[in-house]
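The values are calculated or read from the model by the stated rules, or taken from the named source; none is laboratory data. Being a predicted model, the structure only gives us computed values, none of them experimental. Cβ: placed from backbone, ideal geometry, glycine included. Neighbour counts: every protein chain shown.
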Amino acid sequence: MLSYKVLALALLSYSAQAVAAAKPPATLYTEEPCQGETFEVAADNKCVLLPENLQKHINGVKVPEDVVCDFYSDEKCDEPLLIGVEDPGICKFSEWEIENKTVSVHCYDADAIYDDK
Ligand SMILES: *[C@@H]1O[C@H](CO)[C@@H](O)[C@H](O)[C@H]1NC(C)=O
């Protein structure tokens, strides 16, 4: 969820972007609650297609501070399942009825200003 806090941080940190360190990646999990196989998604504002063996087998995510992740049921981040997942993440996708549905993921730095979003 895009909060006012996130917006304020984004504005405040705008001038510092050139030297800002990259945020750590989010970690996906194949089993609840955040167990099983893992897969890391960089917070670099790109659509990441999951490896074939993990597609439709993701059931949890841990999201670092100031990182936001969106989950999609198609291969190109077009069909949203759940948008705006923030720190600390969600370890039970079944509670959101998105268990075993994720195919592609998009994570980004909540503080960064991106040209093409
Ligand atoms: C996801 O699918 C696997 C394999 O079909 C199944 O064992 C598991 O219970 C499913 N997970 C959830 C949270 O529904």
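Descriptive notes on the structure:
- One residue from 115, 109, 78 being at pLDDT 95 or above, closer than 15 Å to residue 46 by Cα and surrounded by fewer than 21 Cβ atoms within 10 Å (Cβ to Cβ): 78
- Residues of segment 21-32 classified as outside any strand (DSSP E or B) and more than 17 Å from residue 101 (Cβ to Cβ), total: 5
- Scope segment 22-38; condition within 15 Å of the ligand (Cβ to nearest atom) and either surrounded by 19 or more Cβ atoms within 10 Å (Cβ to Cβ) or on the phi > 0 side of the Ramachandran plot (or both); matching residues: 28, 29, 34, 36
- Against the numbered list (1) touching a Pro at 6+ places or on another chain (Cβ under 8 Å); (2) within 15 Å of the ligand (Cβ to nearest atom); (3) farther than 13 Å from residue 89 by Cα, residue 43 comes up short only at (2).
- Residue list for segment 47-105, restricted to those being of a type in the set (A, V, I, L, M) and within 16 Å of the ligand (Cβ to nearest atom): 50, 54, 58, 61, 81, 82, 90, 98, 103
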